[in-house]
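All remarks here apply to the structure that follows.
The values are calculated or read from the model by the stated rules, or taken from the named source; none is laboratory data. Being a predicted model, the structure only gives us computed values, none of them experimental. Cβ sites come from the backbone with ideal geometry, for glycine too, and all protein chains shown count toward neighbours. Areas reflect the complete protein model, heavy atoms only, side chains present, ligands, DNA and RNA absent. Shrake-Rupley method; radii C 1.70, N 1.55, O 1.52, S 1.80 Å.
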Amino acid sequence: MIHDIAPHRLDNSFKALRAEPGDPVLTFAGGNVLIKSLSDGQDGSGKFPSLAEIAGAVSVPVTADDLVYAFSMDDRPVFLLPQRLLRGKIPKGMEYTNIRGLYRDPDRWMALAAVTGSHLDHWYREHVYCGCCGAVSEFSERERAKVCPQCGNIQYPRISPVIMAAITDGDRLLVTRYAGRPYKGFALIAGFVEIGESVEGALRREVMEEVGLEVKNLKYFGSQAWGFSDSLITGFFAELDGSDEIRLDRNELSEALWIARDEIPPQSSDMSITAEMIDAFREGRA
């Protein structure tokens, strides 16, 4: 999955660090992250630029004071640069690339760094102001948080719990396709945990709402941070309990069908917990 980056290591503990010229910088525009251009022939192209490289390639001033510590990768600090500070300028020799395109990079840590950085970037952009009194919030010097200097309200990065269910019936797996989303490959039942619910209760509710099925014998598979939706996904295998007749919620899904184990194609990427769970069933590891 996306967090399987050994021998590299992500250290997300908070540190009150100031960026040095050679430290890598993440900056985002929409669903894209800034990288060194592949077309300029540099060694290390396709990697994240440093503070010095960005500062030397734009006409607008960019300094260490503009950066926010995000996390460390192999003990190397990584910083965030708000895209608005570039004032629409793309530094010379650099380009924006879709974060999902980094799945194909042999340096697997890059995808995890970009997804995790985008999660933080999105949260910081949404929490410029205090949610209680409206004052401009400040960065905490003690922890990864935004603090209101007026009323003292403290806000922490949002992490929403999500369940994922791989529903089985003997040698059959229920696969779905999303409605109204660009991704058209196989998916599994998934949804956010609502207030007052357990993870197991949320799974049973989502399965009933989306495909009208009852399930039993839930077995934990694994979890995955998924910065695209600011969430933590918890995956379970669950056995069909009763009728296999599907009643589809077409607002959420365009299709749901039972597919035999030997008819499931290998997944094109192992980055997502969805693909990992489908392949685990296909290979008899579930």
| field | Residues located in the stretch 38-57, provided they are modelled with pLDDT of 85 or more and assigned to a loop (DSSP other than H, G, I, E, B) | value | LYS47, PHE48, PRO49, GLY56, ALA57
| Scope the stretch 1-24; condition farther than 25 Å from PHE139 by Cα and either open to solvent by less than 80 Å² (accessible area, probe 1.4 Å) or touching a residue at least 12 places away in the same chain (Cβ under 8 Å) (or both); matching residues | MET1, ILE2, HIS3, ASP4, ILE5, HIS8, ARG9
| task | May I ask you to verify whether ILE233 is in contact (Cβ under 8 Å) with a residue 24 or more places away in the chain, of a type in the set (Val, Ile, Thr) and under 26 Å from HIS3 (Cβ atoms)? | result | yes
| note | Filtering the stretch 69-81 for residues that are at negative phi and open to solvent by 30 Å² or more (accessible area, probe 1.4 Å) leaves a count of 1
| Answer from ARG142, ARG172 - the residue that is surrounded by 12 or more Cβ atoms within 10 Å (Cβ to Cβ), in contact (Cβ under 8 Å) with a residue 40 or more places away in the chain and over 24 Å from the mean Cα position of the chain (by Cα) | ARG172
| task | Within the stretch 198-248, count every residue that is part of a loop (DSSP other than H, G, I, E, B) and either surrounded by fewer than 16 Cβ atoms within 10 Å (Cβ to Cβ) or under 20 Å from the mean Cα position of the chain (by Cα) (or both). | result | 10
| the stretch 93-108, subset modelled with pLDDT of 90 or more and open to solvent by 30 Å² or more (accessible area, probe 1.4 Å), residue nearest to TRP226 (Cα to Cα) | ASN98
| PRO182 versus (1) more than 19 Å from GLU276 (Cβ to Cβ); (2) surrounded by 13 or more Cβ atoms within 10 Å (Cβ to Cβ): which is the lone unmet condition? | (2)
| remark: For the stretch 120-147 the number of residues that are assigned to a loop (DSSP other than H, G, I, E, B) and either within 25 Å of PHE28 (Cβ to Cβ) or β-branched (Val, Ile, Thr) (or both) is 10
| query | Given TYR183, TYR178, TYR220, TYR156, which one is on the phi < 0 side of the Ramachandran plot, free of Cβ contacts under 8 Å to residues at least 12 places away in the same chain and of a type in the set (Phe, Trp, Tyr)? | reply | TYR183
| note | Conditions (1) under 27 Å from ARG104 (Cα atoms); (2) surrounded by 15 or more Cβ atoms within 10 Å (Cβ to Cβ); (3) at pLDDT below 95 -> SER268 fails only (2)
| request: Using the structure shown, decide if VAL115 is in contact (Cβ under 8 Å) with a residue 40 or more places away in the chain, part of a helix (DSSP H, G or I), buried (at least 19 other Cβ atoms within 10 Å of the Cβ) and touching a Phe, Trp or Tyr at 6+ places or on another chain (Cβ under 8 Å). | output: yes
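Can you tell me how many residues within the stretch 172-195 are assigned to a loop (DSSP other than H, G, I, E, B) and not aromatic (Phe, Trp, Tyr)?
Step one: filter the stretch 172-195 for residues assigned to a loop (DSSP other than H, G, I, E, B), giving 179-186, 188, 193-195.
If we keep only those that are not aromatic (Phe, Trp, Tyr) too, we end up with 179-182, 184-185, 188, 193-195.
Of the residues in that region, 10 qualify.
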| request: Return yes or no: is VAL162 open to solvent by less than 50 Å² (accessible area, probe 1.4 Å) and aliphatic (A, V, I, L, M)? | output: yes
